[in-house]
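Remarks on the structure that follows.
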Amino acid sequence: MSLIRKFLFKNKKHINGLIHVGANVGQEVPMYFEITNSNIYLFEPLDSAFEILKDKYGNLQNVKLYNFGLGNKNQEININVTQSNFGSSSSVLKPTGHKKYFPEINFETVESIKIKKYTDVPDIYANFLLIDVQGYELEVIKGFEDKLKNFKFVITEISRKEIYENGVLIYDLDKYLNNEGFLRIKTSWVSNKPTGDAVYINKKDLYPPLIFIYHLKSKFTLSKIYLFLNLFKNRKKLIFVIKEQIKNL
């Protein structure tokens, strides 16, 4: 979360509306209040989490709540639900690698939720998009269609290995967003897992030399050298990785 916090504070003067898809129980909302007085739009499809959101922020004029998720088509779909972390790891996709990298989290139940395309949601005025949907990020983005060009930044969770079945990997996310006019400019990998956060910027806001530099930088953050050095970012997590490797010998 440190990448997102630092980036939002640095760019707070550019925010004229903020969307959070997969808001859960609003853990980040107090941070948003520190950053902006603009409208904050929170999308959360799980009823239990949404009730908490409504209790916390339902009476605030600049917070808009939506009890459905976003995707590439309007539908009702099942979601695999976790209880141990307020459902924040819940996903409409089947957990696969998640069991390996996050063995402490279990998926106990399945619920039916509503999904809508962003293009079918009226009266939203925002230029910052944050996505936390456990592998479903690309489907959310596709549902924005031409309205995606109205955004200055897209901030999303990323993965370079399969955590959820058919979950988008960063390589395909980069390709799609690049074709839509966005470039990854910030990348933060967890030191002992193939997951992290990334910031994409609308290329119309960049000078051509910066586009070239950020393009090279984004490629480097996927290189073996960078990922090896990233292991040393957190001493405790490095020790954990070493122990796991020893167990597998």
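List of remarks:
- Close pairs from region 206-221: first within 23 Å of S191 (Cβ to Cβ), partner basic (K, R), Cβ under 6 Å, at least 6 apart: S218/R184
- Considering residues of region 1-58 that are over 17 Å from I131 (Cβ atoms) and among the hydroxyl-bearing types (S, T, Y) only, the residue modelled with the lowest pLDDT: S2
- Of all residues assigned to region 141-149, none qualifies as being among the acidic types (D, E) and within 15 Å of the chain's Cα centre (by Cα).
- Subset tally (residues that are hydrophobic (A, V, I, L, M, F, W, C), buried (at least 20 other Cβ atoms within 10 Å of the Cβ), in contact with a Gly (Cβ under 9 Å, 6 or more places away or on another chain) and over 17 Å from D123 (Cα atoms)) for region 26-78: 3
- The residue list E108, E104, E137 contains one member that is of a type outside the set (G, A, S), touching a residue at least 12 places away in the same chain (Cβ under 8 Å), under 19 Å from S188 (Cα atoms) and out of contact with any helix residue (DSSP H, G or I) (no Cβ under 6 Å at 6 or more places or on another chain), which is E137.
- Any hit, region 105-114, residues being in a loop (DSSP other than H, G, I, E, B) and either of a type in the set (K, R) or within 17 Å of Y164 (Cα to Cα) (or both): yes
The values are calculated or read from the model by the stated rules, or taken from the named source; none is laboratory data. Owing to the predicted nature of the structure, the values given are computational and were not obtained by experimental measurement. Glycine also receives a Cβ, built like all others from the backbone with ideal geometry; neighbour counts cover every protein chain displayed.
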